[in-house]
Amino acid sequence: MLYKRSSELFVEALKYIPGGVNSPVRAFKSVGGTPIYVKKANGAYLYDEDNNQYIDYINSWGPMILGHAYEPVVNAVIEKTKQGTSFGTPTEIETEIAQLAVSMVPNIDKIRFVNSGTEACMSAVRLARGFTNREKIIKFRGCYHGHSDSFLIAAGSGLSTFGVPSSPGVTKGTAQDTLLANFNDIESVIELFKANPNQIAAIIIEPVAGNMGCVPPVNNFLQKLRSICDENGTLLIFDEVMTGFRLAKGGAQELYNVTADIVCFGKVIGGGLPVGAFAARTEIMDYLAPVGPVYQAGTLSGNPLAMAAGLAMLQAINNDTELFNRLEEKTAYLEAGIRNVLTQNNKTFTINRVGSMISVFFCDITVENYEDAAKADTPEFKKFFHDLLERGVYIAPSSYETWFITDALTYDDLDKTIEVINEVTK
Ligand SMILES: *Cc1c(COP(=O)(O)O)cnc(C)c1O
């Protein structure tokens, strides 16, 4: 394929935008090469500025679960736009989408809308701290909760020590309040509670990790976290920015039958527009301003266009009783096909999958945490990525990213993808 126009656009962008991009992973740094510039997208396909067509397995990092340019969402936004784009006053549609979201998701009574997943997680943690009157939080290595200071933390010198900043600009003071545990390792969590008695406001977790590749919880890990939180007066925050409205109508809470105290949303809930949200039972949510003391606000929060897109998306998901079955069947079909050809071609690999989230790791171990996932970060992935791209299959440009399957994919698309994977791994 030719990437002439994309290359030119990237060179121009580099002059005016740091790294040429407005979000780092788009720059292809971990796989090398030049990012493709997408001109338009429809259904399961992306079209770049050089008119190359790709089968899309990223889907805007999750939101486009029903395909690109999904008509009900596009039409809802067009119609809303004609009425004006922002008022800074309450609007009826905010209550409509809030009511629908609350009806779909277990264990939440009220929801507040923000503009991104980052904002949702940041606000959820502040709310948990205010509600419990405690300062520390636990997060898991390899889980991503957006780019706010409290989450950009690396491991300290030992399990019961404090975290250290993983980015310049994050203060040591902030890092001290974030404790790090290992995903799927309940002992690492118990140790932190022992070392920090009555100080932990919340545990925040991606219930199915999606930012170290797809890593499911094992051995009732989520249930165990629930119990530890209950025993210690700590709130359990599920960051369902990726899993919400994707793994089930009610997200991971529904799928694993575990109750979270606060749930964060993003991605699918905005139908492709910038939306995030956090939700909990009334007792917790009424701790937020203007009812309660915890401050949180946003000039464009609940923006009418964003709400129109999100509402049309959630309605489509809510009204389609077969959607999650179809997504499961399509992704299982893809998984079986990939397993088949990689085995035939004598590749060493591990595939993790939950519903329509799937990852291929080139390694010979099971992947249950960040340390495992890091072992699969090999040159083989880079070649795999570029070989697929060259043949019109677009997967995420990093081995730490999950593939997101869209309902717009046909079995022909899946067969084509499996055949391409066969070709490039022969
Ligand atoms: C994408 C993501 C975020 C951050 O959302 P943004 O909208 O990019 O700020 C937070 N948590 C998880 C689990 C995510 O996948």
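Provide the FRET efficiency to the nearest 0.05 for the TYR411-ALA289 pair, computing r from the beta carbons and using R0 = 45 Å.
Once rounded, the FRET efficiency stands at 0.35.
HN-Hα J couplings of the range 403-409 from phi, Karplus 6.51/-1.76/1.60, θ = phi - 60°, integer Hz, Gly and Pro as x?
8, 10, 7, 9, 5, 6, 5
Please list, by residue number, every one of the GluC sites (Glu not before Pro) in the range 293-381 that is coil in DSSP and has at most 15 other beta-carbon atoms within 10 Å.
Hits after loop and neighbour filter: GLU322.
Just to confirm a number: summing +1 for Lys and Arg and -1 for Asp and Glu over residues other than ALA13 whose beta-carbon lies under 13 angstrom from that of ALA13, what do you get?
It works out to a net charge of 0.
What trypsin sites (Lys or Arg not before Pro) in the range 1-109 are in a loop by DSSP, with at most 11 other Cβ atoms within 10 Å of the Cβ?
Filter output for the range 1-109: LYS82.
Taking R0 as 41 Å, what FRET efficiency do you get between GLU380 and VAL11 from their Cβ-Cβ distance, rounded to the nearest 0.05?
0.90
Inverting the mean 1/r over all pairs of different Cα atoms, compute the Kirkwood radius of the chain and quote it in Å.
22.2 Å
Mind checking the full-extension length gain between ASN133 and ASP364? Use 0.36 nm per residue of separation minus the Cα-Cα distance, one decimal, nm.
Full-extension gain reported as 78.7 nm.
Just in the range 359-426: which chymotrypsin sites (Phe, Trp or Tyr not before Pro) are loop by DSSP and have at most 10 other Cβ atoms within 10 Å?
Within the range 359-426, no chymotrypsin sites (Phe, Trp or Tyr not before Pro) qualify (loop, at most 10 other Cβ atoms within 10 Å).
With a cut-off of 15 Å, note down the residues of the range 245-277 whose backbone N falls inside the zone around a label point 7 Å from the Cα of ASN325 toward its beta carbon.
249
Whole-Hz ³J(HN,Hα) for each residue in the range 52-58, computed from phi via Karplus 6.51 cos²θ - 1.76 cosθ + 1.60 with θ = phi - 60°, x for glycine and proline: what do you get?
Values, residue by residue: 7, 10, 10, 7, 9, 10, 10 Hz.
Cut-off 18 Å, label point 7 angstrom out along Cα-to-Cβ of ARG281: give me the residues of the range 239-274 whose amide nitrogen falls inside.
253-254, 257-264
Say each of PHE87 and ASN219 gets a label point 7 Å from the Cα, pointing the same way as Cα to Cβ; how far apart are those two points in nm?
5.4 nm
With a 10 Å radius around each residue's Cβ, average the other Cβ atoms per peptide and rank 54-62, 295-303, highest first.
54-62, 295-303
Quickly work out the ASN198-to-ASN42 label distance, labels modelled 7 Å from Cα along the C-beta direction, and quote it in nm with one decimal.
6.5 nm
Relative contact order of the chain: what whole-number percent is it, with Cα pairs under 8 angstrom and at least 6 residues apart?
22 percent
Read-outs throughout are calculated quantities, based only on the coordinates presented, and are distinct from any laboratory measurement. These figures come from a predicted structure and were not determined experimentally. In this analysis, Cβ positions are derived from the backbone assuming ideal geometry, glycine residues included, and neighbour counts consider all displayed protein chains.
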